[in-house]
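The values are calculated or read from the model by the stated rules, or taken from the named source; none is laboratory data. Note that this is a predicted model, so its numbers are computed, not measured. Positions of Cβ are backbone-derived with ideal geometry, glycine not excepted, and every protein chain shown enters the neighbour counts.
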Amino acid sequence: MVKTGFKNILQILIILIFNNFLALLGAQNLTENKIVNDTIRKSDTIVVKKEQLESVVKTKADRIRNDIPKKMTYLNKDAQVQYQDMTIDADYISIDWDKSLVFARGELDSLGKITKPAVAVQGGKTYEYDEFTYNIKTRQAIAFNARTEESEGVIIAEKTKKYNDSVFFMKRGKYTTDEYFIKKKDTIADYYLLAPNIKLIKGKEKSQVITGPIQLYIEQVPTPLIMPFAILPFSDKRSAGILIPSFGEREDVGFFLNSLGYYQPIGEHFDLKVLTDIYTKGSWNLRPEVNYKKNYRYTGNFSADIGTTVRGIKGLADYSKTGTYRIAWRHQQDSKANPFLTFSASVDVVSNKFYNNTVNNNYAFNQNNLNAQQNSTVSVVKRFLTLPVTITGTSSYSQNFSTGLADLKLPLLNVAINQFYLFKPKTGIREGLLENITVNTGLNLNNYVQTNEGELFTKAMWDKMQTGLKNNIALGTNTTIAKYFTFSISANIDNALTTKTLTRNYNPVTNQIEDVLNKKIAGYSSFSTSTSLQTVLYGMLNFKKGSAIQAIRHMMTPQIGFSYSPDFSAPTFGYYKNYSNDRGEMTQYSIFDRGIIGSPNSGLVQALSFSISNNLEMKVKSKKDSTGVKKLKIFETLSFNTNYNFAAPQYKWSVFSFNGQTTLFNNLNLNTALTLEPYQIIFAPGEDRGIRTENFGRFSVQGFNAQLSYPLSDAIFGEKEELAKKYSKKGEIRNENYYFDDDDYAHFSQPWTLNINAQYGYTRNLTRFGNKVASVGLDGSLKLTPFWSLSGNLYYDVIKNEIASTRLSFSRDQRSFTINFNWIPFGQYKVYDFFIGIKANILRDALKYKDRSFTQPNAPF
């Protein structure tokens, strides 16, 4: 019994000693900065099993005080705590070893305001706070006025709660990409997005921010741009999101939201964008678009524009409802993909009334609504490494909106033989006419039909389809005669086949000429040749040395030529036939008219042609030029041409054509063209169309046009250089360069451009009065301040005495964002449009519509 009692007492003593040893070890661990609890505050206490820390907590500061009874450590001035990958720097840090808490606070001024924030660095990321509490054991934290940089921007939140290393919750967070604010060059951001609640999720490859309702503030002023939620992906990969619209008003269809949409990436090579336009008077538009790209191979997109335009009030006479559509495809092959086989496509199929009725305002601002024709082309080009042959296959579709007709070529195949010399010498330089003979030849296969929108790809269209095959052989050569003359000879041979021929008759019942296309294979061969002699003459007129004009130089290029072509309208060829017109007269026509292979020449051609081209320049004194002499162009080109056909039964002379081009006052560009009819034209009483007579020499103007353009800018007048000379001090304010005067007032250059355009045209074409067109246009831009820009254009129709078109644009270009306002105050489309664009890639599409591309990987909201 004694032994047993002693044994029990001994066991109890061993247990007490062991427990006491553990208690001492625990106290020692406290002095070595080991933490045994992980409570942030009472409401955030997490009960966990006590265990040793994985690393030593290191501390340093100018002043360190340990309170052993309370198990506290206080660090003041340049305080720092390090634990694993976390480093905390602050003006004041306290450590509660019992609760595993680290409290850090930034430097305070005399009023208790934080002047220098506390900084925490973890995993290469830097965070700034006014103050925060961190649990070393659980790695949870609560911070106030935290500043976190992510991707291109920074988030500042009133309160931030860190649940773990990858999840943060923030209250009243602001996000901005203002570069100056991020770099702390400014205390106020140009703009920011404010959200009451934000969740930041960090990952190894990407991070993202998810918010509740979010609003845009510009210069601390709230804007009406509010989103119910936002997702900001901080990653180089494309992400889905909402596209924010522009808004405005158009007179005919009401207020609108334009380009509201959604963006969705699809795999590595595709993405989808769906945009919509909504108007208060009932109009709508849907615009889906699929983009695709394969690096070093090809890029392209499919897009559609489908909608309904409603004008007026239902039930009234001005009410109209028009459906419109546009389907487009663009494809471009990378030049490096395959140099021997290339494919490209530019396809636009639109309804005839699309450009006049679409509610997509981009077409109005870009003046696409003036389009009278739309063209589409798909082509394949095949080249060979060893063969001098190029094969081109093309399909094209051309719409004429005024007539409603469409021209379809499906397909057109061209086989071209590269130009070669027929008698090229094996060695040495080519000399003489024989060795310089070049041959160009090729084969064209064409399938063509003219139809309307309702007949496309129907039996009626295929019945009207024409097929033609044509071969052209072009021969040419030239040589120099007597050193100063160039003598040239050329010949053309055409061989053609077609599946349709024409029969033309006059119907006395309907009083109309009727054309019937017959399904009959027919063909022709034609031949023509020409020769020419050309030289260049120079003349110089020198003035006295003291004269302001130093010299006038004249260069004249005269050319005389002769061309010959047989009369293929002779009955022996069978290419031409006759029909009896409404006056009973026999009228000639070609059975290949209205065909796709053209018609051979009618009438014998033995024509002598004349042409003269002139260039006139002047040298004047100039103090600005280093040589003291400046060259002025009086006429860059002044040309004249006509021809005389010896074989013509009447009207042997052709019209006389004059063309001129010159530049005056360095920038004033003038282009003119004049056509004169050499024979007298007479008009019968009451007739507006005249008849040519054989009375030669009574010249009359049949056509004239003049185009004037005068581009002006501040660079021409050297305004920027004058500013630099006037003020020597330079500096920078808000990312803009300024010049400063002696009183330190800032001055800046105001770049501007102004293009003055004027056009006048007159065409008569044997009519009594002819037609006139005349317009004056202005387009330009002005930088009002370093941040405000104004641009626009105005075109005035002088004949109709009305404004043809106009557009004004205002732009606010700030460091990190732009505000644009577009306005068309006159014309059919009276519209204004307002939108905001953020320059940062991550928000560029979110706050402004902009065509996405695969080179901009970051997605919008």
Quick check, is S789 at pLDDT 90 or above and among the hydroxyl-bearing types (S, T, Y)?
no
Scanning for something of a type outside the set (A, V, I, L, M), under 30 Å from E219 (Cβ atoms) and under 25 Å from the mean Cα position of the chain (by Cα), does the stretch 824-831 turn up at least one residue?
yes
Out of everything in the stretch 247-273 that is touching a residue at least 24 places away in the same chain (Cβ under 8 Å) and either of a type in the set (F, W, Y) or assigned to a loop (DSSP other than H, G, I, E, B) (or both), what residue ends up being surrounded by the most Cβ atoms within 10 Å (Cβ to Cβ)?
F256
Determine which single condition S532 fails, assuming it passes every other condition in (1) under 30 Å from N578 (Cα atoms); (2) part of a strand (DSSP E or B).
(1)
Within the stretch 82-102, considering residues that are under 14 Å from K137 (Cα atoms) and either among the hydrophobic types (A, V, I, L, M, F, W, C) or touching an Asp or Glu at 6+ places or on another chain (Cβ under 8 Å) (or both), the one surrounded by the most Cβ atoms within 10 Å (Cβ to Cβ):
V102
Filtered residues of the stretch 787-802 (kept if part of a strand (DSSP E or B) and either surrounded by fewer than 19 Cβ atoms within 10 Å (Cβ to Cβ) or more than 22 Å from the chain's Cα centre (by Cα) (or both))
W788, L790, S791, G792, N793, L794, Y795, Y796, D797, E802
Could you check, for the stretch 295-318, whether at least one of its residues is closer than 14 Å to G254 by Cβ, of a type in the set (F, W, Y) and either at pLDDT below 95 or crowded, with 16+ Cβ neighbours inside 10 Å (or both)?
no
Counting only residues in the stretch 664-688 that are surrounded by 15 or more Cβ atoms within 10 Å (Cβ to Cβ) and under 30 Å from M618 (Cα atoms), the one nearest to the chain's Cα centre (by Cα) is identified as N669
Please find, within the stretch 554-591, the residue that is farthest from A607 (Cα to Cα) out of those that are of a type in the set (S, T, N, Q) and in a loop (DSSP other than H, G, I, E, B).
N581
Within the stretch 73-100, can you find the residues that are over 24 Å from G112 (Cα atoms) and not small (G, A, S)?
Q82, Y83, Q84, D85, M86, T87, W97, D98, K99
For the list (1) within 22 Å of I327 (Cα to Cα); (2) buried (at least 20 other Cβ atoms within 10 Å of the Cβ); (3) at pLDDT 85 or above, I need the number of the one condition that T276 fails.
(2)
Being buried (at least 19 other Cβ atoms within 10 Å of the Cβ) and of a type outside the set (S, T, Y) is the filter here, so list the residues in the stretch 153-167 that pass it.
G153, V154, I155, I156, A157, K162
Pick out the one residue from S590, S563, S609, S613 that is within 30 Å of N447 (Cα to Cα), buried (at least 16 other Cβ atoms within 10 Å of the Cβ) and among the polar types (S, T, N, Q).
S590
If you go through V415, V449, V439, the only one that is touching a Lys or Arg at 6+ places or on another chain (Cβ under 6 Å) and hydrophobic (A, V, I, L, M, F, W, C) is V449
Test set (1) of a type outside the set (S, T, Y); (2) in contact with a strand residue (DSSP E or B) (Cβ under 7 Å, 6 or more places away or on another chain); (3) not in a strand (DSSP E or B) - Q82 fails condition number
(3)
Could you grab me the full set of residues in the stretch 819-828 that are part of a strand (DSSP E or B) and surrounded by fewer than 17 Cβ atoms within 10 Å (Cβ to Cβ)?
F821
Of S805, S781, which residue is farther than 30 Å from H747 by Cα and under 25 Å from the mean Cα position of the chain (by Cα)?
S805
Take the conditions touching a Pro at 6+ places or on another chain (Cβ under 9 Å) and in contact (Cβ under 8 Å) with a residue 40 or more places away in the chain and apply them to N452. Does it pass?
no
State whether one or more residues within the stretch 334-346 are crowded, with 18+ Cβ neighbours inside 10 Å, of a type in the set (A, V, I, L, M, F, W, C) and at pLDDT 90 or above.
no
The lone condition D130 fails out of (1) within 30 Å of I226 (Cα to Cα); (2) surrounded by fewer than 22 Cβ atoms within 10 Å (Cβ to Cβ); (3) at pLDDT below 90 is (3)
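So which of T477, T467, T498 ends up being among the β-branched types (V, I, T), closer than 21 Å to L413 by Cα and in contact with a Gly (Cβ under 9 Å, 6 or more places away or on another chain)?
Details: T477 fails: closer than 21 Å to L413 by Cα; T467 fails: in contact with a Gly (Cβ under 9 Å, 6 or more places away or on another chain).
Matching residue, one of T477, T467, T498: T498.
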Taking interchain pairs and intrachain pairs at least six residues apart, which have beta carbon atoms under 8 angstrom, with the first residue in the stretch 155-174 and in the same structural domain as L216 (by TED's automatic domain parsing) and the second loosely packed, with under 15 Cβ neighbours inside 10 Å and not in a strand (DSSP E or B)?
D165/G123; S166/G203
Would you mind telling me which numbered condition in (1) without any contact (Cβ under 8 Å) to a residue 60 or more places away in the chain; (2) buried (at least 16 other Cβ atoms within 10 Å of the Cβ); (3) over 30 Å from T324 (Cβ atoms) K409 fails?
(3)
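How many of the residues making up the stretch 378-397 are hydrophobic (A, V, I, L, M, F, W, C) and out of contact with any Phe, Trp or Tyr (no Cβ under 9 Å at 6 or more places or on another chain)?
Total satisfying the criteria: 2.
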